[in-house]
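Engineer: One structure, pasted below without further comment.
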Amino acid sequence: MHFAQELLKEQFPQIEGWQSTLLAQNNGFIPIKMDAIQIHVVSESHWVTSSRLGGTVTLYDSRRVGRILSSPLTHQLCQVYRTSICESGDKRFLAVNVAIVQRQHGSDDCGLFAIAFALHAALGQCLEETEFVQADMRNHLLKCFTARKFTPFPTSIVRRECNPRIIQLNVFCCCQMPATYGDMVQCGQHSDKP
């Protein structure tokens, strides 16, 4: 995954993000201020992609079923897109559009889909209307790695119901992070400290 993001970073230098997925292990993601794409690893070795293009934070998940995001993913999204946090009254939250994208067949190709989602989002394609030819994705990825340059994955155009699901991830304190690790008392970044 690291090699894929390095190639994408070289190919799309105008887009920020592409941070190492290992940063999820120690809360080390750097907040992004411009258009960005990021691949994330979440529980059970599942890969997903997020983007902020044109000001909207969007999540692309080839296995997405429910409306609740896992705690590790919630935490990563709030770290990466901290500069997009909204305020409404005394509430602060990150609004995330959960895109209705192609579902993978089987359980082994989420990494392939995460890379394909990242590439095609960077190319400006509407992923809600894109259907990847899953059987051809591994060979295509290998060709891209060998050439050290990404070309579009084999696709066909489909029309899906496009009912975007917006999830609000509530954030707290001056660190503007979600309550993902149990009871909160006070974080080490409390604003009253010198």
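The values are calculated or read from the model by the stated rules, or taken from the named source; none is laboratory data. Since the model is a prediction, treat every value here as computed from it, not as a measurement. Cβ placement follows ideal geometry from the backbone for every residue including glycine, while neighbour counts extend to all protein chains displayed. Quick note on the areas: whole protein, heavy atoms, side chains included, nothing else; ligands and nucleic acids left out. Shrake-Rupley method; radii C 1.70, N 1.55, O 1.52, S 1.80 Å.
Engineer: Between residue 156 and residue 64, what is the label-to-label distance in nm when each label sits 7 Å out along the Cα-to-Cβ direction?
Structural biologist: 2.3 nm
Engineer: Calculate the all-directions average of the projected area of segment 1-67's alpha-carbon convex hull, and give it in nm².
Structural biologist: 5.1 nm²
Engineer: Related question: Taking residue 149 as the anchor, which aspartates and glutamates have their alpha carbon closer than 19 Å to its alpha carbon, excluding any fewer than eight residues away along the same chain?
Structural biologist: Once the sequence-local aspartates and glutamates are set aside, what remains near residue 149 is 6, 10, 16, 136.
Engineer: At 1.4 Å probe size, with the rest of the protein present, what percent of the exposed accessible area of segment 72-166 is carbon and sulfur atoms?
Structural biologist: Exposed carbon and sulfur together represent 50 percent of the surface.
Engineer: When the dipole is taken about the Cα centre of segment 2-98, and only Lys, Arg (+1) and Asp, Glu (-1) are charged at their Cβ, what size is it in debye, to the nearest 20? Could the numbers behind the result be given before it?
Structural biologist: Numbers: 9 positive and 8 negative charges, 51 e Å.
Its charge dipole is roughly 240 debye.
Engineer: Based only on the alpha carbon positions, what is the Kirkwood hydrodynamic radius of segment 1-135, in angstrom?
Structural biologist: Its Kirkwood hydrodynamic radius stands at 15.1 Å.
Engineer: Using the C-alpha atoms of segment 67-165, what convex hull volume per residue, in cubic angstrom, is computed?
Structural biologist: It is 144 Å³ per residue.
Engineer: Please work out the FRET efficiency for the pair residue 126 and residue 147, using the Cβ-Cβ distance as r and a Förster radius of 30 Å; give the result to the nearest 0.05.
Structural biologist: Efficiency, from the Cβ-Cβ distance: 0.70.
Engineer: So if each residue of separation counts as 0.36 nm, and I subtract the Cα-Cα distance between residue 25 and residue 88, what length gain in nm does that give?
Structural biologist: In short, 19.6 nm is gained.
Engineer: Heavy-atom accessible area of residue 86 with all protein chains present, probe 1.4 Å, nearest 10 Å²?
Structural biologist: Residue 86 has an accessible surface of roughly 50 Å² with all protein chains in place.
Engineer: Further, regarding this structure: Let's test the formula: R0 of 35 Å, r as the Cβ-Cβ distance of residue 10 and residue 172. What FRET efficiency results, to the nearest 0.05?
Structural biologist: 0.40
Engineer: Sticking with this structure for a sec: Please give the per residue accessible area of segment 3-64, computed with a probe of 1.4 Å over protein heavy atoms only, in Å². Before the final figure, lay out the partial values.
Structural biologist: Working: 2800 Å² over 62 residues.
Solvent-accessible surface per residue comes out at 45 Å².
Engineer: So what J values fall out for segment 18-31 if you push phi through Karplus, 6.51 cos²θ - 1.76 cosθ + 1.60 with θ = phi - 60°, rounded to Hz, Gly and Pro as x?
Structural biologist: Couplings: 6, 6, 4, 5, 5, 5, 5, 5, 10, 6, x, 5, 8, x Hz.
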